[in-house]
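Undergrad: What follows is a structure written as structure tokens; I'll ask about it next.
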Amino acid sequence: MNESLLFLIPLLPLCCAVINMVFGMRLPRLFAEVLAVTGVAGAFVLTVLFWGYAEGEGTRAVLFTWLNSGSVDISFALNFDRLAAPMTLMVTGVASLIHLYAVGYMHEEEDYARFFSLLNLFVFAMLAIILADNLLVLFLGWEGVGLCSYGLIGFWYRKLENAKAGTKAFLVTRVGDVFLAIALLWLFAVTDTLSISEINAQAASLSSGVVIAVSLLLLLGACGKSAQLPLMTWLADAMAGPTPVSALIHAATMVTAGVYLLCRLFPVVSLSPVAMTAITAIGALTAIYAATCALAQREIKRVLAYSTMSQVGYMFMAVGAGTVAGAMFHLLTHAFFKAVLFMAAGCVIHLADDENDIFKMGGLTRRGPVELFWVFLAGAVCLAGLPLTGGFFSKDGILLALFTHPDPSYKVFWLIGITTALLTAFYTFRLVYLVFAGEYRGVGHPHALPLLMRWPLWPLAFIGLLGGLLNLPAFVGGSETLHHWYDNLAGRTVTASHEEEWMLILLAVAIAAVGWFAAHWRYRIYRAPQENALNRFLLNGWYADTIVDRLFVRPFAAMGRFCSSGCDRTLFDGTLNGLAKMATAWSSLIVQMTTGRLTTYLSAFAWGFLVLLGWFLLKLVSGGGH
């Protein structure tokens, strides 16, 4: 099989996106929907067929030379290796199910061609990030997912708040992109290449200062895409987009791009203990921050958005603890159970007559198909980390890596991770009880749930529950399959005594149980939410938007007004307008002097002659005096 056929994986969704852009609204709706699903599902099938190419050192496929100048030779090339293959399989597989779900969810949407075009284009851009052989192709995909997320988050742009949410996501993530661009240029300057494999090979020869600076820049770039502190404010508002967008972009793919970037360049960032500690600290602080915010949220998708932010924080902690396999393990399991939670949330919103407030739901088990409760519960127990679920094993692996890290300061991050796990279990079951328990508290009537909104939930729920088998630890009879698959890309091998492993297992079980029981005690019987300062503080995300507005947005707007009114209008426009008025005044005077009469011109000549004569005589007299 020709290795150049690897390009079909990203090209299939790209071609389908272009066809829908040009012809989608001119052809039957079914054609646009089938085309969109086929493009992504075809990429999934091709990934399975090409799986053998990832073995060993992987396969590099070159499509064409992008830039050739002097010693610089940059090709548009893909690298299908052990790190890229599972990520590609997950993205195309989950995206295929989300596309099917979207067909049912958007069945009344008039502008369907634009939606499916953007969805396909997003998948192409995400695959470009994953499969990129060099940093230029990666940056192309990086900017592509940002552009598509802008269009998808603000898809219903006729509502101003939706358009603002799309703009906010675009601008905040662009801040991180600036840091990433600087890091890429710096790496090119010191290594004379943009090839990711060559940069990783030269990592040991870089000076410590360069490694620290570049790693921190990469971290800031990753924070923008992955909604980590301090560039996290866009994700909660991004829930303004259609639910399939939330499931695809904000659960399974784009928000994990930052994690994948750090894993892809792990040989560079791992050389700096400062950078590794910073990555862990950012992940830990974001995890606890987002978990506390989720405790008070009223909108169902905002709870899941803050939860996503928190779980990505765990992935950052795994990278900082040195375990790439641990980070990717949680990335994969999280993609499955969080996608099913978002998609089930979309079904819940349909049943609640487009209501998003969980305090106006309740009793939805009896208002819709009973399987909706079970798939939502499957995703919830994975998120809460109940024993034997995929989320339990992947999260426990990260906590074990933090606990056994050689640096004692990582015990602090472990404590934060444990606390976050407790909060996660509590707010997850809070969500379950408020949505499904008790009596219905809303006023609307349920919408019908198309079959395509229901059956794609089952495969995701099933894989999420059994996701622990991907990397089941040896002490419970597993073979750590994922860790062995990554081989030399897996990072640090986490080793601990059986006593430590069982102690942490039992602690994780106890934490999940305490969180569940606390939520059961508080929410098994509905009680109206309490309005107090702490609740408002958490509901508003620690007022992070207000802080950003006062520290950056308002000063920037004031500087803009000063430059516009003070400099541009007053100084520049005033000067130019004054010169124009002066020229007009002089021209008016000259016009008055040009009467066309010979006597006027003879008089002017005479007066001019007298002035010159007087000046000559004065000069002569003053000269004679000396």
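We did not get these values from a lab; they are worked out from the coordinates using the rules stated. Just so you know, these numbers come straight off a predicted model, no measurement behind them. When we count neighbours, we look across all protein chains shown, and the Cβ atoms used for this are built from the backbone with ideal geometry, even at glycine.
Undergrad: Assigning unit charges at the beta carbon (Lys, Arg +1; Asp, Glu -1) and nothing else, what dipole magnitude in debye, to the nearest 20, does the stretch 1-271 show about its Cα centre?
TA: 520
Undergrad: While we're looking at this one, here's another question. In terms of the ratio Rg/(2.2 N^0.38 Å) built on C-alpha atoms, what value belongs to the stretch 316-448?
TA: For the stretch 316-448, the normalised Cα radius of gyration comes out at 1.24.
Undergrad: Moving on to the next point. Can you find, among VAL172, LEU138, LEU127, the residue farthest towards the positive end of the dipole of the stretch 104-201? Put +1 on the C-beta of Lys and Arg, -1 on that of Asp and Glu.
TA: VAL172
Undergrad: Return the aspartates and glutamates within reach of LYS225: Cα separation strictly under 16 angstrom, same-chain partners fewer than 8 residues apart disregarded; answer none if there are no such residues.
TA: GLU143, ASP177, ASP237
Undergrad: Using the Cα centre as the reference, give the magnitude of the dipole from point charges on the C-beta atoms of the chain (Lys, Arg: +1; Asp, Glu: -1; all else neutral), rounded to the nearest 20 debye.
TA: Computed charge dipole of the chain: roughly 1960 debye.
Undergrad: Next question, about the same structure. In square nanometres, what is the average projected area of the Cα convex hull of the stretch 1-271? List each step's numbers first, then the result.
TA: Numbers: hull surface 57.6 nm².
Reported value for the Cα convex hull: 14.4 nm².
Undergrad: May I ask you to evaluate 6.51 cos²θ - 1.76 cosθ + 1.60, the Karplus curve with θ = phi - 60°, for each residue of the stretch 548-563 and list the ³J(HN,Hα) values in order in whole Hz, giving x for glycine and proline?
TA: Coupling constants for the stretch 548-563: 4, 4, 7, 7, 10, 5, 5, x, 5, 5, 5, 5, x, 5, 5, 5 Hz.
Undergrad: Arrange the following residues from fewest to most other Cβ atoms within 10 Å of their Cβ: VAL190, VAL123.
TA: Placing the least packed residue first, the sequence is VAL190, VAL123.
Undergrad: Right, something else. Under the Karplus relation 6.51 cos²θ - 1.76 cosθ + 1.60, θ = phi - 60°, what is the ordered set of whole-Hz ³J(HN,Hα) values for the stretch 171-180, x standing for Gly and Pro?
TA: Karplus-based 3J(HN,Hα) across the stretch 171-180 equals 6, 5, 5, 5, 4, x, 5, 4, 5, 5 Hz.
Undergrad: Let me ask another. Students often forget the sequence filter, so: which lysines lie under 17 Å Cα-Cα from LYS360 once same-chain residues fewer than 8 apart are removed?
TA: Result set, ordered by chain and number: LYS301.
Undergrad: Shifting gears a bit: Among PHE556, ALA544, ILE590, pick out the residue whose Cα is farthest towards the positive end of the charge dipole of the stretch 515-595, where Lys and Arg carry +1 and Asp and Glu carry -1 on C-beta, about the Cα centre.
TA: Among PHE556, ALA544, ILE590, the one farthest towards the positive end of the dipole of the stretch 515-595 is ALA544.
Undergrad: Kindly provide log₁₀ I(q)/I(0) values, in the same order as q = 0.17, 0.20 Å⁻¹, from the Debye equation applied to equal alpha-carbon scatterers of the stretch 258-372.
TA: Results for the stretch 258-372 at q = 0.17, 0.20 Å⁻¹ read -0.83, -0.99.
Undergrad: To continue, here is another question. Taking amide hydrogens as modeled 1.01 Å from N in the peptide plane, which residues meet the under 5 Å criterion relative to ALA132, leaving out close sequence neighbours?
TA: Close amide H contacts, sequence-distant or interchain: ASN79.
Undergrad: Once the dipole of the chain is set up with Lys and Arg at +1 and Asp and Glu at -1 on Cβ about the Cα centre, which of PHE393, LEU5, TRP458 lies farthest towards its positive end?
TA: Toward the positive end, the furthest listed residue is TRP458.
Undergrad: Then there is this: What does the charge count around VAL324 come to, taking other residues whose C-beta lies under 10 Å from its C-beta (Lys +1, Arg +1, Asp -1, Glu -1)?
TA: +2
Undergrad: Could I ask something else about it? Counting Lys and Arg as +1 and Asp and Glu as -1, what is the net charge of the other residues whose Cβ lies under 12 Å from the Cβ of LEU194?
TA: Working: positive: none; negative: ASP73, ASP133, ASP192, GLU198.
Counting the neighbours of LEU194, the net charge comes to -4.
Undergrad: Considering the Cα trace of the stretch 276-539, what is its radius of gyration and what is Dmax, both in angstroms?
TA: So, for the stretch 276-539, Rg and Dmax equal 18.5, 57 Å respectively.
Undergrad: Just need the relative contact order of the stretch 1-271 here, percent rounded to a whole number, with Cα pairs under 8 Å and 6+ apart.
TA: 18
Undergrad: Could you work out the percent of alpha carbon pairs in the stretch 439-490 separated by over 12 Å, rounded to a whole number?
TA: Tail of P(r) above 12 Å: 75 percent of Cα pairs.
Undergrad: Non-local amide H neighbours of ARG492 (under 5 Å, H modeled in plane, Pro and chain starts lacking H): which ones?
TA: For ARG492, the qualifying residues are THR323, VAL324.
Undergrad: Any idea what % of Cα-Cα pairs in the stretch 542-594 are farther than 16 Å?
TA: Summing the P(r) of the stretch 542-594 above 16 Å gives 63 percent of all pairs.
Undergrad: Could you work out the local net charge near GLN311, counting Lys and Arg as +1, Asp and Glu as -1, over the other residues with Cβ closer than 14 Å to its Cβ?
TA: +1
Undergrad: For n ≥ 4 DSSP H runs only, could you compute -39500 (n - 2.57) per run for the chain, divide by its residues and tell me the 222 nm figure to the nearest 500? Don't jump to the answer; show the numbers that get you there.
TA: On the way: 27 runs with 417 residues, N = 626.
Calculated from helices alone, the mean residue ellipticity at 222 nm is -22000 deg cm²/dmol.
Undergrad: Now for a separate question. In terms of the Cα gyration tensor, with a ≥ b ≥ c the square roots of its eigenvalues, is the stretch 1-67 rounded because a/c is under 1.5, prolate because a/b exceeds b/c, or oblate?
TA: Values: a/c = 4.55, a/b = 1.90, b/c = 2.40.
Oblate.
Undergrad: So, one more: Could you give me D for the stretch 495-609, from Stokes-Einstein at 4 °C and 1.567 mPa s, where the hydrodynamic radius is the Kirkwood radius over C-alpha pairs? Units µm² s⁻¹, please.
TA: 55
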